[in-house]
Structure formats: structure tokens, C-alpha cells
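The structure under discussion appears below in the form of C-alpha cells.
The values are calculated or read from the model by the stated rules, or taken from the named source; none is laboratory data. Just so it is clear, the structure is predicted and the values come from calculations on it, not from any experiment. Positions of Cβ are generated from backbone atoms using ideal geometry, with glycine treated the same way; all protein chains shown enter the neighbour counts. Side chains included, ligands, DNA and RNA excluded: accessible areas come from the protein's heavy atoms. Shrake-Rupley method; radii C 1.70, N 1.55, O 1.52, S 1.80 Å.
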Amino acid sequence: PAVPSPGLALAGRCPLSPTGAQTTQLLMQPPWRPAVLWDRVTLTCQGLGTASAITWYKDGQRWGQEGCDNFTVTESGTYTCDRPGSGHSATVRVLDDQLVLQVPAQALLEEDTVTLRCRG
């Protein structure tokens, strides 16, 4: 009997990415962008690895909230976090503006209905 070639035997079994692959996510509460200080914004770093290994960055510089997976922001700036098992998160910018037009902090697609908030 004919033996299938090794290339065909593996077809469909090789995942495009490692099983369980996950990227670090920086979640924001309340979930509105842009975030503003007077909303008492809490950032949470989600991903693989333990919380004690998290490194936080503010404005591109290593920052003092290391070893915890969430905190309430007290200074305006651009924040990101790193978890050794899943890498750097996207950035979140927190403003100290007095008047903002906010959108939900979620992915939006063309033709989605969106609620905007004008706050001051």
C-alpha cells in the first residue's frame, strides 16, 4: 500500500499559533476613552504569569506599581504593563482635561451604533 508523504500526514495538525497563546491586555474601569483622572480610573493588567512579575510603565518609563495586577490612577499619562508570559499590553492614556468627549473602550466597526458622552 502507498504511504502518504510526510507533508500530507501533517496537514491540518499544525496550529497557526501556539496552543493557549495569549497577549497581555490592559483593561480600564470605567470603560470609556479617553480616560480622565476625575473618573477614578482603575487599570488591570491581564495575561499569563503571576501578578508579582508584572512591570508597569508610565510615559515609557518603568514605574512604581510593580508586583500588582491593578491600581487606581492618580497621575495623568500614558500607561502600559508587561507580563513575562504574554508580553507588553497596548497603551492607555489618562488625561487631566476638564471637558471630554468619550466613546466606549471597545473595538468599534463601521456602521456600529455608538453612544458618546460629553462630560465636564
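Has the stretch 72-83 got at least one residue that is at positive phi, in a loop (DSSP other than H, G, I, E, B) and not hydrophobic (A, V, I, L, M, F, W, C)? No, the stretch 72-83 has no match at all.
Counting the residues of the stretch 27-64 that are modelled with pLDDT of 90 or more, of a type in the set (G, A, S) and under 17 Å from D82 (Cβ atoms) gives 1. For beta carbons closer than 9 Å, sequence separation of 6+ or different chains, a first residue in the stretch 94-112 that is within 24 Å of G60 (Cβ to Cβ) and a second that is of a type in the set (F, W, Y) and open to solvent by less than 100 Å² (accessible area, probe 1.4 Å), the qualifying pairs are V94/Y79; D96/W38; V100/W32; A105/W32. Count of the stretch 76-120 residues, restricted to those that are farther than 30 Å from G49 by Cβ, in contact with a Lys or Arg (Cβ under 9 Å, 6 or more places away or on another chain) and open to solvent by 70 Å² or more (accessible area, probe 1.4 Å), is 2.
Against the list (1) assigned to a loop (DSSP other than H, G, I, E, B); (2) in contact with a Gly (Cβ under 8 Å, 6 or more places away or on another chain), the condition V94 fails is (1). Any chance the stretch 97-104 includes a residue that's at pLDDT 85 or above and either in contact with a Ser or Thr (Cβ under 9 Å, 6 or more places away or on another chain) or among the charged types (D, E, K, R) (or both)? Yes, the stretch 97-104 has at least one match. For the stretch 45-64, a residue qualifies if it is open to solvent by 40 Å² or more (accessible area, probe 1.4 Å), under 22 Å from D96 (Cβ atoms) and in contact (Cβ under 8 Å) with a residue 24 or more places away in the chain, and exactly one does: Y57.
Report the residue count in the stretch 67-108 for those that are in contact with an Asp or Glu (Cβ under 6 Å, 6 or more places away or on another chain) and under 14 Å from Q25 (Cα atoms).
1
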